[in-house]
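So the structure is just underneath, and the comments pick up after that.
Readers should treat all values here as calculations from the given coordinates under stated rules, not as data from a laboratory. Just so you know, these numbers come straight off a predicted model, no measurement behind them. Quick reminder, even Gly has a Cβ in these numbers, built from the backbone with ideal geometry, and neighbours come from all protein chains shown.
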Amino acid sequence: PEVTSPHSMTGVDIVHKKYKLTGRGIKIGIIDTGIDYKHPSFAAPGAKEGCFARYGKDCRIKYGWDFVGDDYTGRNEPKPSSDPRDCQGHGSHVAGIIGSSPLTSKTVPKPPQPFVGVAPEATLGAYRVFGCDGSSGDDIILAAMELAFNDGMDIINLSLGGGSAYKNNPIAILGDRLAARGMALAAAAGNDGTEGVWMVADAGLGDLSSCVASFDNTHGLYDSVSYGGVAHPYFPSESYGQRIKLPASASLVPIFEEDGSLSDGCDPAVYETINVKDKVVLAFGDFSRCNSGARASNAQTAGAVGILIQTTPFGLVAVGGIPNFPMGSVENKAGNNMVTVWKKDPKTSLVWSKKPSNFLIEGGGAPSDFSSFGLDGELRSKPDLAAPGGNILSALPLGQDAYGVFSGTSMATPYIAGAHALYMQAKGSRPRGDRIRQVLKNTATIATNYGSKIKASAAKQGAGLVNVLNAITTTTSISPDHIDLLDSTHFKRTVEIRVKNEGKHTETYSLSHIPAEALNSYPDKNTFPFSNPIIEADYATVKFSADKVKIPAGKTAKITLTFKEPKKGDAFSFPLYSGFVVATPKSKGGVAVHVPYTGIKGDIAKVPTLDTDNGFPMLLSVKSNGQLTPITPEYQFNLAMDEWPAVITRLGSHTPDLSIRIFD
């Protein structure tokens with residue numbers, strides 16, 4: 001099958017085919033590593049390769065500037081030029097997601113699967129702020145944002161940002177100012193989902209911007225290994241980083257604990273009673289006892305020629321591994337299937353694929369593990385909404401294999417930028433970015449985590465997965481587009497929402513409430529939040545001033561919501577609860593709209609700011625070369641000997657200001 005799954009997840013496939021919307025006439029500025037504008041993804045209709053307007057005619061990439069030069073790393077002087085061609089890859093991948101022209105099996109170079117961007121006829125601007133390697137400075141990013149605005153971009157894409165922050169950071173401030181003047185802004189929520197709550201990135205924290213979370217693609221392009229006649233996708237380790245090629249004689253050997261369960265391979269003793277020489281080991285993927293490198297080393301020492309790791313609880317996990325040793329992860333169900341086949345016939349051969357194929361992925365269609373949790377430092381509901389960002393096929397520079405599959409909120413963000421373009425084209429106007437955000441949030445698909453029956457936290461998925469078809473066909477809006485209940489001390493007990501009937505006939509709406517999973521990050525009174533919050537059934541309750549409202553065409557109804565904090569949940573564990581308020585039209589085929597809410601049970605002022613569980617703050621000695629040395633309490637610094645005191649801290653939550661004083 002073609003890689004159309006991202007578009008089938010969001011209704012973009014129908015928007016393309018039925019409504020013929022392509023983003024034509026909309027300008028999108030991409031602030032990134034540049035774009036390989038010669039790539040066929042950016043070719044005009046009838047052309048075989050793309051071009052940049054400064055060097056060609058009828059080019060889809062009409063605007064752009066290189067602010068930095070190839071050698072810029074973020075630590076040296078930039079060398080601007082007029083040529084924003086990409087030498088890193090990230091920007092080309094982002095641009096392909098936004099606006100790749102339709103690519104087929106006849107395209108040269110040939111893509112691994114046919115694909116098309118969200119807005120394949122949008123006009124693009126390439127604003128290069130990164131060199132071939134390294135980072136960039138806020139001053140350069142701000143300059144690129146200003147030029148994009150002055151060039152008339154309708155939308156700018158910021159697949160960048162870092163760390164948790166408040167909305168008063170420079171990029172978010174300028175983004176709001178530009179948005180107030182008519183330009184939409186989409187920014188990545190960040191890839192720190194495995195670091196726990198409070199980690200949403202800074203670039204999208206503005207009041208008027210769209211902060212974008214990621215969902216995993218339902219399908220993925222992977223190499224595979226066949227066992228017992230069934231092909232299973234695998235994800236090679238970072239250290240090995242290539243397709244696994246092993247002879248048929250290298251058969252599978254699962255390793256087991258004494259109780260018969262699959263072993264994690266962390267204890268070398270597990271190999272004392274089994275022969276794995278020249279075989280491929282299958283081990284359990286629980287990383288609580290050791291990392292992937294340790295279990296790879298154990299397998300290699302025992303004589304194995306490779307190792308497969310059964311992911312837990314599901315999906316395909318990234319593993320580090322060790323250099324020059326074939327290692328990859330397989331899905332949980334694949335591991336179970338392999339064990340069953342092995343028990344029937346241990347001599348069954350492993351057959352490794354020679355090219356990647358498209359697979360329905362375990363856990364696909366749900367929020368990505370890597371996608372960062374909110375809330376921001378003022379307990380505002382961020383991220384705003386989500387888009388496909390896990391396992392996304394797009395363009396790479398022609399010198400870098402031309403195509404690749406990447407994952408990240410950097411991939412989800414351009415999907416939202418493209419969705420903005422389709423909405424603008426559908427409406428024949430340029431609504432302000434926050435107005436488009438409202439519609440996209442109102443009509444998003446509220447999702448669950450894989451295997452769960454309760455909706456995922458709004459701190460993870462925002463308002464849900466973007467549904468562009470719903471967005472362009474809805475005749476209802478609900479505002480505001482988010483409700484911040486804050487903490488127990490500042491609890492907003494009553495909130496007024498407005499439901500507007502933008503259709504041509506009177507409509508009756510039913511109001512309802514959908515609770516979401518609560519996140520407990522401090523169950524043990526810990527000072528640093530759990531990297532994987534504990535899911536709890538801590539649900540708020542909502543009472544409506546009217547359960548049903550009848551609204552004439554073009555009119556708005558005001559409904560008062562009265563919230564009560566969850567009865568369950570320890571206020572000293574600060575559970576983050578959330579849910580969705582929904583307005584459903586009675587008319588057949590009407591699109592329901594909703595608004596997410598979030599809140600913290602407990603006093604946010606009492607949430608630990610500094611991590612003191614792990615030895616912080618820590619006093620060390622630092623030399624001019626950056627070398628840090630632990631010291632004893634009785635240590636005396638000799639400032640004349642090229643050393644100074646250094647204090648290392650780790651923040652466990654947000655704080656707008658931190659100062660440390662050292663007393664003699």
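In a fully extended conformation the segment linking ALA269 and ALA537 would gain 92.4 nm over its present Cα-Cα distance, using 0.36 nm per residue. Between ASP139 and LYS586, the modelled labels are 6.3 nm apart [label points 7 Å from Cα along Cα→Cβ].
Label point 7 Å out from LYS79 along Cα-to-Cβ: which residues of region 112-136 have amide N under 18 Å? Within reach of a label on LYS79: 128-136.
Multiply the residue separation of THR655 and ILE14 by 0.36 nm, subtract the distance between their alpha-carbon atoms, and state the gained length in nm to one decimal.
Here the answer is 226.3 nm.
The shape of the chain can be summarised by an equivalent ellipsoid whose semi-axes, obtained from the alpha carbon gyration tensor, come to 38, 33, 30 Å from longest to shortest.
Cα centroids of region 508-542 and region 476-505: 19 Å apart.
Working ranking of peptides 517-530, 294-307 by packing, defined as the average number of other Cβ atoms within 10 Å per residue, highest first, is 294-307, 517-530. The Rg/Rh ratio for region 113-259 is 1.13, where Rg is the radius of gyration of the alpha carbons and Rh is the Kirkwood radius. Averaged over residues, the count of other Cβ atoms within 10 Å places the peptides 616-628, 102-114 in the sequence 102-114, 616-628, highest first.
Site pair MET618 and LYS427 shows an inter-label distance of 5.1 nm when each label is modelled 7 Å from Cα along Cα→Cβ. For region 135-200, trypsin sites (Lys or Arg not before Pro) are listed when DSSP marks them as loop and at most 13 other Cβ atoms sit within 10 Å of their Cβ; the list is ARG181.
Output the antiparallel fraction of DSSP beta bridges having both residues in the chain, as a percent to the nearest 5.
For the chain, the DSSP antiparallel bridge percentage is about 65.
Computed from label points 7 Å out along Cα-Cβ, the spacing between THR301 and ALA605 is 5.4 nm.
Using the alpha carbons of region 490-587, what is the convex hull volume per residue in cubic angstrom, as a whole number?
Numbers: hull volume 11.5 nm³, N = 98.
Cα-based convex hull of region 490-587, divided per residue, equals 118 Å³.
Go ahead and run the numbers for FRET between ILE173 and ARG498, Cβ-Cβ distance against an R0 of 30 Å, rounding to 0.05.
Details: r = 28 Å, r/R0 = 0.93.
So the FRET efficiency works out to roughly 0.60.
Taking 0.36 nm per residue of separation and subtracting the current Cα-Cα distance, fully stretching the chain between VAL341 and ALA231 would add 38.3 nm.
Could you grab the relative contact order for the chain? Cα pairs under 8 Å, six or more apart, rounded to a whole percent.
It rounds to 13 percent for the chain.
Peptide packing: for 134-141, 360-367, 585-592, 119-126, the average count of neighbouring Cβ atoms within 10 Å per residue gives the ranking 119-126, 360-367, 134-141, 585-592, highest mean first.
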